[in-house]
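**Student:** Here's a structure for you.
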Amino acid sequence: MKRIATKTLFALFLLSSCVTQENQKEVVSRHGNSNLNFINDVQSYFKDIGESNKIAAFDSIQATIVETQFGKKVGLYKELVDLFDPENFNCGCDDKMKKALKKIKPNNQSVSGFIPDVVVKNAFMTDSVYLLNRQGSNVLAHLFQYKKSSGQLSNTLFAATAATVKNFNEINFVEKNPRTYDQFFYTLDCTGFITAAVNASGGVNSTSVKTAASVAISAKKSIFVLGGVMYSPLFQAYKGLGIFSNNDTLRIDVLSSILNEIPIQEQLDNTQILLNSNYQIIFASNSGNASFNGEGSLGVSGNASFGLGSVQGSTNSSGSIDRSSDYTNYKTYVVDKNINTELPNITVKDVKDLIAELRAR
């Protein structure tokens, strides 16, 4: 352990002696405000659901939903700054190092603070995102609309009776194959954090580095940022994919929950049902309790990949990343919907016929 500590301190001293503070260039998100219509739609969705009495049918989440209103629109850059803020992720930075990190400010951003370059390049997808509480993720994943006989769209409906609502776990619906959608997975422990922070801030004296490094070497904590795609349980039930691939009973239950929300008089054969296929999401946490550094994909295939083991959906549960770090709390951000997907035309007749076919097996 002493040898590792000596090498780590030496590396950090080298960094502190060779980097200098530079003027920060502009930092722009990959897609700017291209998702604003969706973010505004999410606010409208939740307003529709909050004003309905259907949410009360699911007692185990109803009280929390009413209190927190599902989530809120936030600026993604500020959220990432807060995630890597040394006040929120304590790795032994002294006041001088904290001050240096908080001076980092791109010319075009209104907030200052440290974010690793690799995270900015990969996770700073859009300017605005919707921060969901755990119940907000659950509700969003089970929302849909239908087209009325008049041609108008219905209000947003929540498939409250679906079995997947009761035990909703986000990670069950996250695509893990890196060849299907773009993914980003990054995790950093205190040693990695201090190394990246010294490199980014510049001008930090050796005393500050030594103080931080002495804490970082023994600290058992980590940050993770994960970007990927989460499927809609309703859409997967219709397609028979994911957890529904060998579970006809669950498929029937979830498909029936869709029909349960459509008034009988509107259940014409050609009534169109509008299901979202997937949602682009970001998970983030700085509450990990073990040392682990790296970046990769969600798949567990060889040393170059990292697996998201079982991040649970309920508020009081925890998750694990490749059995290397447990996270007692994490944030979920939704960025956009229907990524690289051409949605099929789905009618009430299609759903009823599918349910009948499944029951006849």
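The values are calculated or read from the model by the stated rules, or taken from the named source; none is laboratory data. The shown structure was predicted, so the numbers you read here are calculated from the model rather than taken from an experiment. For neighbour counting, all protein chains shown are included, and Cβ atoms are generated from backbone atoms with ideal geometry for every residue, glycine included.
**Student:** Go through (1) surrounded by 20 or more Cβ atoms within 10 Å (Cβ to Cβ); (2) modelled with pLDDT of 90 or more for MET97 and report which single condition fails.
**Tutor:** (2)
To keep it simple, each residue is scored yes or no on (1) in contact with a Phe, Trp or Tyr (Cβ under 6 Å, 6 or more places away or on another chain); (2) at pLDDT 85 or above.
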site	(1), (2)
ALA216	no, no
VAL225	yes, yes
GLN236	yes, yes
VAL254	no, yes
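**Student:** List the pairs whose first member sits in the range 135-148 and is aliphatic (A, V, I, L, M), whose second member is assigned to a strand (DSSP E or B), and whose Cβ atoms are under 8 Å apart, counting only residues at least 6 apart or on separate chains?
**Tutor:** These pairs meet every condition: VAL139/PHE158; LEU140/LEU132; LEU140/TYR279; LEU140/VAL334; ALA141/MET230; ALA141/TYR279; LEU143/LEU157; LEU143/PHE158.
**Student:** Moving on to the next point. Go through (1) within 18 Å of ILE282 (Cβ to Cβ); (2) over 15 Å from the mean Cα position of the chain (by Cα); (3) surrounded by fewer than 20 Cβ atoms within 10 Å (Cβ to Cβ) for PHE84 and report which single condition fails.
**Tutor:** With respect to (1) within 18 Å of ILE282 (Cβ to Cβ); (2) over 15 Å from the mean Cα position of the chain (by Cα); (3) surrounded by fewer than 20 Cβ atoms within 10 Å (Cβ to Cβ), PHE84 is out only on (3).
**Student:** Please state which of the following conditions LEU83 fails to meet, knowing it meets all the rest: (1) of a type outside the set (Val, Ile, Thr); (2) touching a residue at least 60 places away in the same chain (Cβ under 8 Å); (3) under 14 Å from VAL198 (Cβ atoms); (4) outside any loop (DSSP other than H, G, I, E, B).
**Tutor:** (3)
**Student:** Looking at GLY313, GLY240, can you tell me which residue is modelled with pLDDT under 95 and of a type outside the set (Phe, Trp, Tyr)? Write out each step before concluding.
**Tutor:** Details: GLY240 fails: modelled with pLDDT under 95.
Being modelled with pLDDT under 95 and of a type outside the set (Phe, Trp, Tyr) holds for just one of GLY313, GLY240, which is GLY313.
**Student:** Which one of the conditions (1) within 22 Å of VAL129 (Cβ to Cβ); (2) small (Gly, Ala, Ser); (3) at pLDDT 95 or above does ALA356 fail to meet, given that it meets all the rest?
**Tutor:** The single condition ALA356 does not satisfy is (1).
**Student:** Name the single residue, out of those in the range 253-270 being of a type in the set (Val, Ile, Thr) and surrounded by 19 or more Cβ atoms within 10 Å (Cβ to Cβ), that is farthest from the chain's Cα centre (by Cα).
**Tutor:** Only one residue fits best here, namely ILE262.
**Student:** Would you check which residues across the range 134-186 are assigned to a loop (DSSP other than H, G, I, E, B), crowded, with 20+ Cβ neighbours inside 10 Å and at pLDDT 85 or above and list them?
**Tutor:** Scanning the range 134-186 gives HIS142, THR156, ALA159, ALA160, ALA162, PHE168.
**Student:** Filter the range 111-133 for residues that are in contact with a helix residue (DSSP H, G or I) (Cβ under 8 Å, 6 or more places away or on another chain), outside any strand (DSSP E or B), surrounded by 16 or more Cβ atoms within 10 Å (Cβ to Cβ) and of a type outside the set (Val, Ile, Thr) and give the result.
**Tutor:** GLY113, PHE114, PRO116, ALA123, PHE124, MET125, ASP127, ASN133, listed by residue number.
**Student:** Same structure again: Residue by residue through the range 220-253, note down the ones that are closer than 30 Å to PHE89 by Cα and not aliphatic (A, V, I, L, M).
**Tutor:** Scanning the range 220-253 gives LYS220, LYS221, SER222, PHE224, GLY227, GLY228.
**Student:** Cβ-Cβ under 8 Å, sequence separation 6+ or interchain: first residue in the range 186-212 and at positive phi, partner of a type in the set (Val, Ile, Thr) and modelled with pLDDT under 70. Which pairs?
**Tutor:** Note: pairs meeting the criteria are GLY202/VAL19; GLY202/THR20; GLY203/VAL19; GLY203/THR20.
**Student:** Continuing with the same structure: Looking at the structure I just gave you, is LEU14 part of a helix (DSSP H, G or I), surrounded by fewer than 13 Cβ atoms within 10 Å (Cβ to Cβ) and modelled with pLDDT under 95?
**Tutor:** Yes: the conditions hold for LEU14.
**Student:** So which of SER112, SER150 is within 30 Å of LEU274 (Cβ to Cβ) and among the polar types (S, T, N, Q)?
**Tutor:** Numbers: SER112 fails: within 30 Å of LEU274 (Cβ to Cβ).
Being within 30 Å of LEU274 (Cβ to Cβ) and among the polar types (S, T, N, Q) holds for just one of SER112, SER150, which is SER150.
**Student:** Could you list all residues from the range 95-129 that are farther than 26 Å from THR191 by Cα and among the small types (Gly, Ala, Ser)?
**Tutor:** SER110, SER128
**Student:** Next up: In the range 43-80, what residues are outside any helix (DSSP H, G or I), farther than 13 Å from VAL139 by Cβ and at pLDDT below 80?
**Tutor:** The one that is outside any helix (DSSP H, G or I), farther than 13 Å from VAL139 by Cβ and at pLDDT below 80: ASN53.
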